[in-house]
Structures are given as structure tokens and as C-alpha cells.
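Coordinate-derived values only; no laboratory data. Quantities reported herein were computed from a predicted structural model and do not represent experimental measurements.
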Amino acid sequence: MATRRVIRTHSAQLTSVSDKKGVHVEVEDLARLREIRSLVEANNRSTLSTELIICQIYMESRFDKNARSDGSSARGLMQLLKAPIRELYRLQNLKKPRRERKRDEDLYREADEFHDSDQILDEATNIRIGTAYLQALIEKRTADHSADPVAEAYKDYRGVRNGIYYSKIKAAAEKLAANPESMQALRDMVK
Amino acid sequence: MKNSVILLCCLFAHAFAVAAELVTTCDLGGKASSRVDVVRDSKIADTYVYYLRQKGSKRPFFEDKDSSRGSSVQIACVGSHARALVVTGEFTANALQGFVLSRNPKNAVVERLDFAEKNRPAWLYLSPSETDVVIPTHGYGETNKKFVVYRHVVGSGAEPQVVPTDELPARDGAEVIKLDGDRSR
């Protein structure tokens with residue numbers, strides 16, 4: 001009688017168990033970082049460094065142009081409220097000859113229409129407006145002979161005067177400049 | 001004579017038009033001097049310049065009149081034991097700015113806790129020793145944690161502590177007040 005010869009045995013399950021654990025895809029984050037860097041280099045309207053603005057954008061929206069807040073009018077990559085847009089319109093108006101200036105009422109209406117439009121969600125436009133607003137704040141503090149106009153401008157921008165916002169993005173910007181192809185400085189900043 | 005009457009009428013009409021409008025009054029408890037009025041004037045579009053009025057003295061919400069021009073301003077007078085005035089709105093910063101006024105039970109001085117975030121505050125913790133404002137982050141801002149707590153220690157003149165956290169603060173005898181967002185002025 002012939003005996004059955006066992007060629008090979010195994011105990012593995014026939015159907016593999018799927019691994020549902022999330023895997024962080026570094027490549028996509030890095031691609032987005034490069035994209036944001038290009039946008040900032042082309043649209044930064046301030047004297048602030050590219051790295052500082054990148055860190056600010058990450059802090060504001062995590063690079064998500066559709067980020068929304070609860071109860072404020074914040075919109076776009078730099079999460080711009082209505083007030084900064086109104087202020088920029090007001091400053092532009094003041095540069096015109098007196099007889100060509102518009103009434104505040106009309107200016108605010110125009111600024112709000114812009115803020116409510118899809119234009120502000122355009123990433124390049126959002127960066128241009130946000131950085132122009134920062135520059136206006138810096139110039140105001142410079143004119144006031146502030147010892148550190150940038151730090152003071154960020155306090156005005158942030159609405160509280162504890163300095164946490166600027167110190168965090170400044171420290172992260174230095175790390176990002178040293179290692180421009182890594183998201184780590186940005187992630188550490190908001191831990 | 002007729003012209004003088006018309007001129008007087010115009011002056012009165014103008015005076016009424018620019019007079020500060022009382023928005024709300026909050027009695028923070030204790031003596032009559034703890035009553036705080038919120039008033040506003042100088043309307044442009046949906047914005048006004050906002051002031052606090054206490055003991056007959058009127059001062060802008062923030063540093064000056066320019067920085068106190070706001071829209072979407074929400075004001076609440078809350079608390080069943082101790083009372084507090086809670087204000088949030090869009091003023092000149094790129095964040096919702098707000099503050100809480102409450103009365104120190106030991107010396108009856110009205111103390112102020114300032115905060116600014118992109119979201120409205122969701123809870124207020126009031127106790128004789130501490131005032132906490134809890135604001136959800138929704139994953140954006142200076143921290144990945146769920147909430148930012150602005151903490152004022154009663155009697156302290158220091159800047160409020162800013163504490164990122166995933167958990168709501170412990171009640172610890174405080175009255176916890178849910179703040180809703182439907183009081184725009």
C-alpha cells in the first residue's frame with residue numbers, strides 16, 4: 001500500500017489579514033511643502049522670509065485652503081478674516097488723492113464682497129493679501145519706532161500680546177531653513 | 001427765526017445720530033459699582049466702535065477706538081452664582097478677539113481675561129479662584145490638541161496662561177457655563 005508523502009506543511013491562514021493601520025505618506029506632504037514654498041516665493045508681499053510665511057500658513061490652515069473655523073470669517077490658506085481685508089482696502093484708499101477717495105461704507109462693502117468671493121480661496125491671492133496685511137502692520141510698528149516691529153506686528157495680527165505665535169513660527173522657520181525638505185519642523189511646531 | 005429753528009433741529013438730529021447706543025448691561029454682582037455697560041457708536045457698514053462704561057467712565061474695548069471697531073460681536077452676561085460678561089467679535093486682528101470681565105469676590109475689583117483664537121469660546125469655568133475660557137481648535141492653530149484654555153488666576157495681574165489640552169478642565173467646584181454663539185450685535 002502506497003503511503004502519502006507529505007511534501008510541505010504550513011499553518012498560515014489562506015486569506016491574509018488586511019493591515020488597516022494608517023500609514024503616513026511622507027512623499028505627499030513633501031510635495032505639498034514644495035508647492036507651498038513655490039507659491040510663497042512668487043507671492044510674498046512682505047519683507048518676511050519664505051520659511052516664516054510657510055510656517056505661518058501651516059499653523060493657520062495645515063496647508064488646507066478649505067480650512068474652516070467655527071464662528072469666524074477665516075478663509076483660505078492664511079485664514080484671513082474680514083477685518084484685514086477691510087484694513088488693506090482702507091490703506092489703499094488713503095494713498096489716493098483726497099478727491100478720488102471712496103467713502104468707508106463703500107470700501108467696506110467692496111472688501112466684504114471680495115472676502116465672500118471664491119477669489120480669496122485662490123492660494124496665490126490668499127498669500128498675496130495675507131502677506132501685504134502683515135507688511136502693513138510691520139510698517140505701522142516701524143513708524144511708531146517699535147524696538148522689534150516684526151514681533152509687535154505679529155502681536156497685532158494675532159490679537160493677543162503674549163508673543164507665542166511669533167516665537168513658535170520663528171523657531172520653526174529656522175529649523176525649516178536648515179532642513180528645507182522635511183516636514184518635521186512644522187509638525188513639531190503644533191504638537 | 002425760521003432758519004434758527006431748522007438749524008437747532010439739525011443739531012439735535014445729529015446729536016441723536018452720533019450718540020452712543022447702549023448694547024447691554026451686566027451686573028457682575030456685589031456693589032452697584034460692579035455694573036458694566038457695553039455701548040457703541042460710529043457705525044460703518046456692519047461695524048461699530050465698542051466701549052465699556054463703568055462708574056460713569058467710558059473706554060474702548062481695546063487699546064484705542066481704531067482697534068475697538070468690530071463686527072459679529074457677541075455679548076453674554078452669564079453665571080448663576082458669580083456673574084461674568086463675555087464678549088467675542090471680529091475687530092482688527094486676524095482672529096476672533098474677546099474678553100471676560102468678572103468680579104474678584106475678595107476685593108470687588110473687576111478683572112479681565114483677554115483671549116483671541118479663530119473659533120468662538122465654547123465653555124466658561126467660573127470659580128472664586130480662577131476663570132477659564134475653553135476654545136475648540138478644530139485641529140488648526142498653534143496646537144494639534146482639541147482645546148486651548150485661557151486661564152486667569154483671580155487676583156493675579158499676570159498675562160493669562162494659555163494651555164493646549166485634549167481634555168476639558170476638571171470642574172473642581174467651578175460653575176461650568178456652555179457658551180452658545182447666537183448673540184451677534
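Annotations for the structure displayed:
- Counting only the Cα atoms, the stretch A:123-191 fills a convex hull of 109 Å³ per residue.
- Partner lysines whose Cα lies under 20 Å from the Cα of A:LYS95, excluding those fewer than 8 positions away in the same chain, are identified as A:LYS140.
- Alpha-carbon Debye profile of the stretch A:39-166, log10 I(q)/I(0) at 0.13 Å⁻¹: -0.55
- Computed P(r) (all Cα pairs; the stretch B:100-185; 5 Å bins; percent): 3, 15, 25, 24, 18, 11, 3, 1
- Here is the size of the protein assembly as shown from its Cα atoms: Rg then Dmax, 26.3, 138 Å.
- For the stretch B:44-50, 3J(HN,Hα) computed residue by residue from phi via the Karplus equation (6.51, -1.76, 1.60; θ = phi - 60°) reads 9, 6, 9, 10, 9, 8, 9 Hz, glycine and proline entered as x.
- Rg and Dmax, both from the Cα atoms of the stretch B:107-148 and both in Å, are 12.4, 39.
- Straight-distance candidates among the lysines for linking to B:LYS145, with alpha-carbon spacing under 30 Å and chain neighbours fewer than 8 residues away dropped: A:LYS20, A:LYS21, A:LYS65, A:LYS82, A:LYS155, A:LYS168, A:LYS170, A:LYS175, A:LYS191, B:LYS118, B:LYS178.
- Lysines with Cα under 22 Å of B:LYS58, excluding same-chain neighbours fewer than 8 positions away: B:LYS31, B:LYS43
- With the convex hull constructed from alpha-carbon coordinates only, chain B shows a mean projected area of 12.6 nm² over all directions.
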